Amino acid sequence: MKLLKRFVVKKNERGLLMSEGDFVSMLEPGQYQRFDWQDRLTVTTFNLQSPLFDHPLAQYLRGHEPALVEQYFETMDLAQHEAGLRFEDGRLVELLAPDSRRLYWKGQVEHGLQRIDLNQGRRLDDELVVRLNRPGVAGTDLVLLALVPAFHVGVLKIDGVVAGLLEPGRHGYWRCGSQVAVEMVDTRLQALEVNGQEILTRDKVSLRLSLVANWRYTDVLGAHGQMSKPVEHLYRELQFGLRAAVGTRTLDELLEDKQSIDGSVTKHLLAHLQGSGLEVSSLGVRDIILPGEMKTLLAQVVEAEKAAQANVIRRREETQATRSLLNTAKVMEGNPTALRLKELETLERVAERIDRISVFGGLDQVLNGMVSLKAG
């Protein structure tokens, strides 16, 4: 019995007629009838809105059906040193990697290819960078797009090697088999804290110190050319300088002159950061924390010192008061008028403490009863 098969290819489609998986012919839009006695024929259709022909037969058609490929496909083949910009109706839609071999269906849109020679440099021109920052472009993983903020510079590294500095703005570079990275560097004055450093003094007392340093880059490219991580290098040098300053002094010396630590660390940095591209403008010890038992002992020492000082002051005041009384007595001994004034002063002080006074015998009797001088 004869078996008649019917196939339909729509206007926005193309079809491949296959016999047991083997290519027979290309089908354009239309209706088709084929006798298939052994049920071997099949048709695979392709929507032209997805123009890429990504099919196992692509390589076969290239090698054995060049005329058919020329008729139905747009060929986009790139060399090893080339990248590609694919356009549809003049609009950029895709980035193509080196060594790409692509077939795109003709008929739906007008295709275009712009070749980029990577041997001429990996930097993208400004217009392309603007286009790639808009949505709708495929293959952007082939490029690095970097935005360098104001007051920053970008350190460009290609395969781990510093390739230059990027000014503030948008930049783009082809990756394409290479590792391309941009490290953002703030060129403003910055603060770096070195916290919780446990250090032994020269007399074996454990201290915990914190240090703050204000620093900036003086030569960004030079710093990154010498050190993989300049900020970590600066942090370590601050640690080393702080340990050297504390380890060579006793606890008493540190407590009496904290500024000596700042000067010692600054001197260390001037010697070890010369020509590094880094500059420390100022630094200072923020905290010096003693262990608990040392705090107690130090508090006791301070308390004893203050008590001794208070005792000395009290004795000095008592001596001065005694001398004053003696001088007053000598004056009154030979001066009745001074004695009388002292009596009146004493009476005034007594009157201030008494709410009510009853006087018998006159004022002279009161004074004579309160103050009596023994003749010498």
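The values are calculated or read from the model by the stated rules, or taken from the named source; none is laboratory data. As the structure is a computational prediction, the values presented were derived from the model and not from experiment. Reconstructed Cβ throughout: ideal geometry from the backbone, glycine too, with neighbour counts over all protein chains shown.
A few comments on the model shown:
- Every condition in (1) more than 30 Å from Ile289 (Cβ to Cβ); (2) surrounded by 15 or more Cβ atoms within 10 Å (Cβ to Cβ); (3) not hydroxyl-bearing (Ser, Thr, Tyr) is met by Trp215 except one, and the failing one is (1).
- Residue match in the stretch 231-245 (condition: aromatic (Phe, Trp, Tyr), outside any helix (DSSP H, G or I) and either touching a residue at least 12 places away in the same chain (Cβ under 8 Å) or not assigned by TED's automatic domain parsing to the domain that holds Leu147 (or both)): no
- Strands (runs of 3 or more DSSP E) (entirely within the stretch 123-224) containing at least 1 residues that are of a type in the set (A, V, I, L, M): 143-148, 152-158, 161-166, 180-186, 190-200, 206-217
- Within the option set Trp37, Trp105, being touching a Leu at 6+ places or on another chain (Cβ under 9 Å), aromatic (Phe, Trp, Tyr) and at pLDDT below 90 holds for one residue only, Trp37.
- Taking the criterion of being in a strand (DSSP E or B) and within 60 Å of the chain's Cα centre (by Cα), the residues of the stretch 1-22 that qualify are Val9, Glu13, Arg14, Gly15, Leu16.
- Boolean, Tyr32 is of a type in the set (Phe, Trp, Tyr), closer than 26 Å to Ser19 by Cβ and either surrounded by 16 or more Cβ atoms within 10 Å (Cβ to Cβ) or touching a residue at least 40 places away in the same chain (Cβ under 8 Å) (or both): yes
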